[in-house]
Amino acid sequence: MVDGVKRAREAAGRVAAQVTGQALGPYQSAVVRIGFAATWLFFLLREFPNRAELYGPDGPWSWALAQRLIDSNHAFTVLMWSGSGLWFEIVYAVSVLASVGLLLGWRTRATSVLFMIGVLSLQNRSVFMGDGGDNVIHLMAIYLVLTRCAQVWSLDARRARTRGSATATAGAAGPVLWGVLGAVFAYGAATGRFGFGWLAAFAALWVVGGLWWMVDRYEPEGEGRAVLDVLANLLHNAGMLVIMVEVCLIYATAGWYKIQGSRWQDGTALYYPLGLDYFSPWPALSALVAGSGTLVMLLSYGTVVVQVAFPFTLFNRRIKNVLLAVMMLEHAGIAVLLGLPFFSMAMIAADAVFLPTGFLVWLGARVAVRRRRAVEPAADPAEPLPVPAPR
């Protein structure tokens, strides 16, 4: 009995040391960051000609109607600070720049907050413009703020490697960005633009950002930095857990709701959308799929089975990886067949949190080799750089 209690305490101690001592899943968090930043960026660029009708002053959902809804549901959006077209253009441009910064991993602690503000501001301004993919981006934009998603595959990681951890925050960009964001935050707080919850959240983020810069700059190896690392690791690991649980809930609820209805049992949930012009970018391909009852049945039942089964396969690595590949291929098929590329990109980015580390390391090594060969074409092609095999 005593030995069992001792072993349990030792195991708990090892788990606590692992959770507080490192940010788990650095490659998974990086690929989720890149995926969602790219999805939102491509969407903003694709809809750039239609931005005023979707989220701006020319839309059918007017500023006054949006203000009435915001007053009732207390959603956050800086677009309600002013109804002018100039303010809308500024917010839209900052959203694009924040997406680029998050995609590249530049000053990620600040750009992740700006990314979240841009996503929430535009989506909450016109709530009827979204779909399932927008809802996923909405949630993940909040969760990414909690994560240390720039430890690999980012400009921040590159700067830390080249300059050393003691000077990772070197340069004037960080203080300038912190000061500008502080001025905007002060204006919003003084004019009562924030609710109490958002006011407290942004105040905490702003103070912690400045404190982190000071400690990293003047006491990089001291106890203060160690405490900040522990807190950041806890938040990161909690954020990654929430992302994984969110993805499981999305698939579990979708699958079980499909089981309860008859539309997925008889195949009409897939058959009828294939006949709609809105969901038929390739009419001939849609007609080909819809014309085969066997194919419609396999796709319908396969979708339900995969969605229901996926949360139960997380403890079996091989089966989980197979279903993960199937779901990603399914979303790629939705992008092509039904013309929903941004929904599919968002779901693939969410699925990426479950990709195996060995595969991501191998993929990153392959990309690095190809980039190095492109930059140094004079290198001897007879001596290829070693690439670790995926596990």
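The values are calculated or read from the model by the stated rules, or taken from the named source; none is laboratory data. Since this is a predicted model, take the numbers as computed values, not measurements. All Cβ positions, even for glycine, are placed from backbone atoms using ideal geometry, and neighbour counts span all protein chains on display. SASA here: full protein model, heavy atoms, side chains in, ligands and nucleic acids out. Shrake-Rupley method; radii C 1.70, N 1.55, O 1.52, S 1.80 Å.
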Original post:
So which residue, out of G21, G222, G56, gets the largest mean-square fluctuation from a GNM of the chain using Cα contacts under 10 Å as springs?
Top reply: G222
Subject >> Computed over the range 236-364, Cα set: Rg, Dmax in Å >> reply: 15.8, 48
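Helix-only mean residue ellipticity at 222 nm, the chain, DSSP H runs n ≥ 4 weighted -39,500 (n - 2.57), per residue, nearest 500. What is it?
Numbers: 17 runs with 277 residues, N = 391.
-23500 deg cm²/dmol, from helical runs alone.
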**OP:** With no solvent and one equal point scatterer placed on each C-alpha of the range 164-264, evaluate the Debye formula and give log10 I(q)/I(0) for q = 0.17, 0.21 Å⁻¹, two decimals.
**Re:** -0.93, -1.11
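Kindly provide the Kirkwood hydrodynamic radius of the range 56-111 in Å, to one decimal, from all pairs of distinct alpha carbon atoms.
Working: mean 1/r = 0.0784 Å⁻¹.
Final number for the Kirkwood radius of the range 56-111 is 12.7 Å.
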Subject >> Accessible area of the chain belonging to carbon and sulfur atoms, whole % at 1.4 Å probe >> reply: 68
Original post:
Taking the range 22-248 as the region of interest, what is the percent of Cα-Cα pairs per 10 angstrom bin, listed from the shortest bin to the one with the maximum distance?
Top reply: 7, 32, 36, 19, 5, 0
Original post:
Kyte-Doolittle mean at least 0.5 and Cα extent at least 20 Å along the axis: which DSSP H helices of the chain qualify?
Top reply: 26-46, 85-104, 108-125, 132-146, 173-190, 196-218, 223-260, 293-309, 317-337
Original post:
Pick from T20, T313, T191: which residue has the top mean-square fluctuation in a GNM of the chain where Cα pairs under 10 Å get a spring?
Top reply: T191
Original post:
Who wins for biggest fluctuation among M240, M347, M328 in a Gaussian network model of the chain, springs between alpha carbons below 10 Å?
Top reply: M328
**OP:** Specify, per residue and in Å³, the volume enclosed by the convex hull of the alpha carbon atoms belonging to the range 267-321.
**Re:** 98
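Tell me, in nm to one decimal, what length is gained between A365 and W256 on full extension, where the rule is 0.36 nm per residue of separation less the Cα-Cα distance?
35.3 nm
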Original post:
Just from the alpha-carbon atoms, what are the Rg and Dmax of the chain in angstroms?
Top reply: 23.5, 72
Original post:
For the chain, with only Lys/Arg (+1) and Asp/Glu (-1) charged at the beta-carbon, what is the dipole magnitude about the Cα centre, in debye rounded to 20?
Top reply: 920
**OP:** Evaluate the relative contact order of the chain (contact order divided by residue number), counting alpha-carbon pairs under 8 angstrom at least 6 apart; express in whole percent.
**Re:** 21
**OP:** Putting +1 on Lys and Arg Cβ atoms and -1 on Asp and Glu Cβ atoms, find which of V208, A252, L241 reaches farthest to the positive end of the dipole of the range 154-292.
**Re:** V208
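What number, in nm² with one decimal, is the all-direction average of the projected area of the convex hull of the alpha-carbon atoms of the range 123-204?
Taking a quarter of the hull surface, the average projection is 7.5 nm².
For the range 207-299, what does the convex hull of the Cα positions come to per residue, in cubic angstrom?
184
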Original post:
For the range 22-248, what is the accessible area per residue in Å² when the probe is 1.4 Å?
Top reply: 47
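Explain nothing, just the number: relative contact order of the range 256-354, from Cα pairs under 8 Å at least 6 residues apart, as a whole percent.
Relative contact order comes out at 27 percent.
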Subject >> Accessible area of the range 256-354 divided out per residue, in Å², using a probe of 1.4 angstrom >> reply: 58
**OP:** Of the options A66, G358, A189, report the single residue whose Cα projects farthest towards the positive end of the charge dipole of the chain (beta-carbon charges: Lys, Arg +1; Asp, Glu -1).
**Re:** G358
Original post:
Just from the alpha-carbon atoms, what are the Rg and Dmax of the range 295-334 in angstroms?
Top reply: 10.3, 31
